[in-house]
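Input: a single structure, listed below in C-alpha cells.
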Amino acid sequence: MNTIDKLTDLKGKKVLVRVDFNVPLKGSEVRDDNRIVQALPTLRKLLKEGASLVLMSHLGKIKWGKVDDVEIEKQKAKNNLEYVLPVLKKHLEGVNVYFSPETSGEKLAEHIKALKEGEVLLVQNTRYEKGESKNNRELAEDWAKNVDCFVMDAFGSAHRAHASTYGVPEVLKEEGKPVALGYLMEKEVENLGACVKGSDHPYVAILAGLKVSDKIKVIDSLLNKCDKILIGGAMAFTFYKAMGIQTGNSIVEDDQLDYARKCYASGKIVLPIDTVCADNLENPTKIETVETNLDKHSEGIPAGLLGLDIGPKSCALFDDIIRSAKLIFWNGPVGVFENEAFSNGTKSVCKSIVANTNAFSVIGGGDSAAAAKEFGYAKEFSHVSTGGGASLEMIENDGHLPGIDIIG
C-alpha cells in the first residue's frame, strides 16, 4: 500500500487530506469528537514534515434534486462544517487553523495559496457541491489543481467513489503526484483485514440490525469464512418466521424468508433461544421473556408483543460460542440498547467478547461502537472501526473499497 510514511519532501507542500469529520451534532455543538481525534496522528505527522494542510470532509446529507432551494439551504445550515472548527482548533493548539466557506473555484484557490508552512485550512462541507457524490470530474480537477499531494484518511467514506475520495487522487495520479493512505486508513485496513481473510478459527460473527436485506452480501461473505454467525436484533424475527416461529408484532421482512431459510440450512446460523418482548417500545406496560427456541419447537412471540432484546438464555448461549472464538466480528446491537429495559443483551455481548482475551475482536462501527462506548467496553476491543458501512462493504468485497483501491 502507498502509506503516509512513504511520502517524502513534504516541506512547503500543500497536502489535501480527506478526513472524516462527519460527527454527530446537537445544534451547532459537536457531541462526539472521536472522528476528529482519530485523524490527529496523520495531521500531526504531515505538519511535522512541514506541509500545509487542506482538510476536506462531508457532514450529514444534502438531498440534491429531491427538494427545493429553500430546503437545500436549511440542510446546508444544519450540516455546516464550520461547527467542527472550534474543536479542531482545540486539538491542534498552537497551529493556525483557518476555515474556507467556499468549496470550489477561485476563492478556495486563494485560501489555499495563502497557506503558510504548518498551517491548516478546513474547507466547508464537500456535499455543498452537487458534483461531490457524483464524482464529477471537473470538481475533482478543481480541487486537485490547488495541491501537491493527497492523503486519504476517511475510512467512513472509503466505500464511496466520490469526487473527494476517488476523483481527486485519480486526477493527481494521472499527473504523477503522490497519493497515500493516512494512519487511520492504514489501521483500518490492517485490522479489518483479519476479518476479511478469516484465517483464525473458530471465527464468530455477531450480526444484528433492522433488516436482513441490508446485510445479504455481508452474510453471504461471512458464511464462507465464519464457523458461526450469531443473529440478533430485528433480523432474527425474519429468521424466526422463516422457520415457523411466531413473531407477534415484530418487524419481519416477508420477501427475505426464502433467503433466511437458505442461510439457516448452512448450519452456521445461531438464533436467540429466548426473546425479551413488550407491548410498546416507547412506553411499555407489559414486558416478558418468551422462548423462541427452534429445537424445542417454541411457539414464539405472542400476538400484541414485539421482540426488543435477546433473553438471558440466549445471552448464555452466545457467551459460550463467543468465548471459544479466536476471531470475532461484531456489527449491530442485539437489542434496543438505548432503552435500559432492552439493553441487557447488548451489554452481555460486550462482556463476552472482552472476556475472551485470546481472541482478536473487531467492532464494525456504527451502533455497535456507540453501544460499546456507552457501556465502557470500547477500549477493551482489539479494534473499533470508524466506519460501519465501510467495514461491512470491505468484508463483502474481500478487502476492496474505492477509496483504498484508487490509492494503490
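The values are calculated or read from the model by the stated rules, or taken from the named source; none is laboratory data. Owing to the predicted nature of the structure, the values given are computational and were not obtained by experimental measurement. Positions of Cβ are backbone-derived with ideal geometry, glycine not excepted, and every protein chain shown enters the neighbour counts. Please note that ligands, DNA and RNA were not included when accessible areas were found on the heavy atoms of the full protein model with its side chains. Shrake-Rupley method; radii C 1.70, N 1.55, O 1.52, S 1.80 Å.
Quick notes
- Dividing the convex hull volume of the alpha-carbon atoms in the range 127-241 by its residue count gives 142 Å³ per residue.
- Reachable aspartates and glutamates from LYS211, criterion Cα separation under 19 angstrom, eight or more residues apart if same chain: ASP220, GLU253, ASP254, ASP255, ASP258, ASP309, GLU338, ASP367, GLU393, GLU396
- Looking at the range 216-356, the pairs of alpha carbons with a distance over 21 Å make up 39% of the total.
- nm² value of the averaged projected area, convex hull over the Cα atoms of the range 1-146: 9.2
- For the chain, alpha-carbon Rg over 2.2 N^0.38 Å: 1.07
- Projecting the Cα atoms of GLY267, SER391, PHE360 onto the charge dipole of the chain (Cβ charges, centred on the Cα centre) puts PHE360 farthest toward the positive pole.
- Fluctuation leader among ALA114, ALA371, ALA236 - the chain, Gaussian network, Cα springs under 10 angstrom: ALA114
- In the context of the full set of protein chains, the chain has a per residue accessible area of 43 Å² (1.4 Å probe).
- Within straight-line cross-link reach of LYS63, lysines at Cα separation under 23 Å, skipping those fewer than 8 residues along the same chain: LYS26, LYS74, LYS76, LYS78, LYS130, LYS134
- Long pairs among LYS351/LYS379; LYS145/LYS177; LYS215/LYS262; LYS13/LYS113; LYS217/LYS347, criterion Cα-Cα beyond 18 Å: LYS217/LYS347
- Along the range 75-85 the Karplus relation, 6.51 cos²θ - 1.76 cosθ + 1.60 evaluated at θ = phi - 60°, assigns HN-Hα couplings of 5, 4, 4, 5, 10, 7, 5, 5, 4, 7, 3 Hz to successive residues, with x for each Gly and Pro.
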